[in-house]
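Heads up, the thing below is written out as structure tokens.
The values are calculated or read from the model by the stated rules, or taken from the named source; none is laboratory data. Bear in mind that the values here come from a model prediction, so they are computed numbers and not experimental data. Neighbour counts are summed over all protein chains in view; Cβ atoms, including those assigned to glycine, are modelled from backbone coordinates with ideal geometry.
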Amino acid sequence: MKTQLPSTFFFFFFFIISISTTAAVNNPSPSTSGDNDFIRTRCRTTLYPQICYTSLSSYSSAVQQDPRRLARVAIGLTLSKATHMAKYVANISRNADYDAAAASPRLAAALHDCFSVFGDAVDEIRGSLRQMRRLGGSGESLRFQVSNVQTWMSAALTNEETCTDGFEDVPDDDGGVKAEVCDRAVKVKEVTSNALALVNGFADAIRTP
């Protein structure tokens, strides 16, 4: 049987997300050579440096060679992508014209679980962005605040990996839904991993020698 969530739930969930995401990332500013070099260097510490640089280079003037701002922008972009992914999976799950889920309970369950864990990931990334915007103080207090961001971003990445793990035992479907969902989820995992790496870099910069 296909898992069906109430339409009012989806409306409320994405209404809240849209409000939270609207101001997550400022409009890109014109870049300069020095600012671009800073981002390129920082992105080399990530697992996906080219994706990191491509997605963040247009924000280089806003970052102004500040590792804190770079981490914050990276988290904001990650929030946007994770939110779109959650919406995409929700649309598939509630699509009345989609019959494959009814024919494949395992696929339906994997889609439902993916939507659930991506909802959790969105909450964790949003919490990370909120904390980054409120960073204050210095020393142990600042390090504690940043450690919260590291914890939440790591949890978000784990939730995103849970989504793709849930499809491992699901047979390939004729509509290519499994492949499409997993491909999109992997792209979100990559930017989340990069954002976490940049947060870790900022944490290292404020660590007591």
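Consider only pairs whose beta carbons are under 6 Å apart and that are at least six residues apart or on different chains; among these, list those whose first residue lies in region 115-144 and is at pLDDT 95 or above and whose second residue is among the hydroxyl-bearing types (Ser, Thr, Tyr). Cβ pairs passing all conditions: 117/162; 122/83; 125/78; 126/20. Do we find a residue being at pLDDT below 95 and of a type in the set (Ser, Thr, Tyr) anywhere in region 44-57? Yes. Here residue 168 clears all of (1) in contact (Cβ under 8 Å) with a residue 60 or more places away in the chain; (2) in a loop (DSSP other than H, G, I, E, B) except the condition numbered (1). Scanning region 171-209 for residues that are exposed (fewer than 13 other Cβ atoms within 10 Å of the Cβ) and either assigned to a loop (DSSP other than H, G, I, E, B) or touching a residue at least 60 places away in the same chain (Cβ under 8 Å) (or both) gives 171, 172, 174, 176, 205, 207, 208, 209. Selection of region 61-86 for residues being of a type outside the set (A, V, I, L, M, F, W, C) and either out of contact with any helix residue (DSSP H, G or I) (no Cβ under 9 Å at 6 or more places or on another chain) or in a helix (DSSP H, G or I) (or both) yields 61, 67, 68, 69, 72, 76, 78, 80, 81, 83, 84. Among the residues of region 111-167, those that are out of contact with any Leu (no Cβ under 9 Å at 6 or more places or on another chain) and hydroxyl-bearing (Ser, Thr, Tyr) comprise 116, 138, 141, 147, 151, 158, 162, 164. Please tell me if residue 38 is farther than 16 Å from residue 188 by Cα and at pLDDT 90 or above. When the stated conditions are applied, residue 38 passes them.
Only a single criterion out of (1) of a type in the set (Val, Ile, Thr); (2) under 14 Å from the mean Cα position of the chain (by Cα); (3) closer than 14 Å to residue 86 by Cβ; (4) buried (at least 18 other Cβ atoms within 10 Å of the Cβ) is not satisfied by residue 162, namely (4). Only one of the listed residues (111, 142) is in a helix (DSSP H, G or I), over 20 Å from residue 195 (Cβ atoms) and over 17 Å from the mean Cα position of the chain (by Cα). That residue is 111.
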